[in-house]
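Throughout, read-outs are computed from the coordinates displayed, never taken from laboratory work. Just so it is clear, the structure is predicted and the values come from calculations on it, not from any experiment. Quick reminder, even Gly has a Cβ in these numbers, built from the backbone with ideal geometry, and neighbours come from all protein chains shown.
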Amino acid sequence: MAGSGLLRDLPLVERLLREVRAAITIPFTMKFRAGWNNEELVAVKMAKLAEGLRPAGDCTAPRTREQGYAGQADWTRIAEVKAAVKIR
């Protein structure tokens, strides 16, 4: 349960991020993939979770963990995240 594997356990992600957020005073940013695969997309949920932690920013990758750095990036995923939250 490290890296993109955490995308399959959002309650754990939230717990970890809240702990980190509480422990630091420097700007807090997040970077995450769109999901584990095309059937398990969590980008919007992750962004909403992030928004509740008031990060300085987030970076959402349009590809899934299954895609890695290959395959066609689905840029509509970024648009969905942007429409769902106010993070820049």
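Dipole magnitude for the chain: computed about the Cα centre from +1 point charges on Lys and Arg Cβ and -1 point charges on Asp and Glu Cβ, it is near 300 debye. Qualifying GluC sites (Glu not before Pro) in the stretch 1-68, where qualification requires a DSSP coil assignment and no more than 13 other C-beta atoms within 10 Å, comprise 39, 40. Between the amide H of residue 58 and those of 30, 88, distances stay under 5 Å, these residues lying 5 or more places away or on another chain, with hydrogens modeled in the peptide plane.
In nm, what is the difference between 0.36 nm times the number of residues separating residue 8 and residue 66 and their Cα-Cα distance? Can you show the working numbers first?
Values: separation 58, 0.36 × 58 = 20.88 nm, distance 1.25 nm.
Working it through step by step, the gained length comes to 19.6 nm.
Coupling constants for the stretch 53-61 follow from the phi torsions by the Karplus curve (6.51 cos²θ - 1.76 cosθ + 1.60, θ = phi - 60°), and in residue order they are 9, 6, x, 5, x, 9, 10, 9, 7 Hz; glycine and proline get x.
Filter the chymotrypsin sites (Phe, Trp or Tyr not before Pro) in the stretch 1-77 to those in DSSP coil with at most 10 other Cβ atoms within 10 Å of their Cβ, and list the result. List each step's numbers first, then the result.
Numbers: sites: 28, 32, 36, 69, 75; in loops: 28, 36, 69, 75.
When the chymotrypsin sites (Phe, Trp or Tyr not before Pro) of the stretch 1-77 are filtered for loop state and at most 10 Cβ neighbours within 10 Å, 69, 75 remain.
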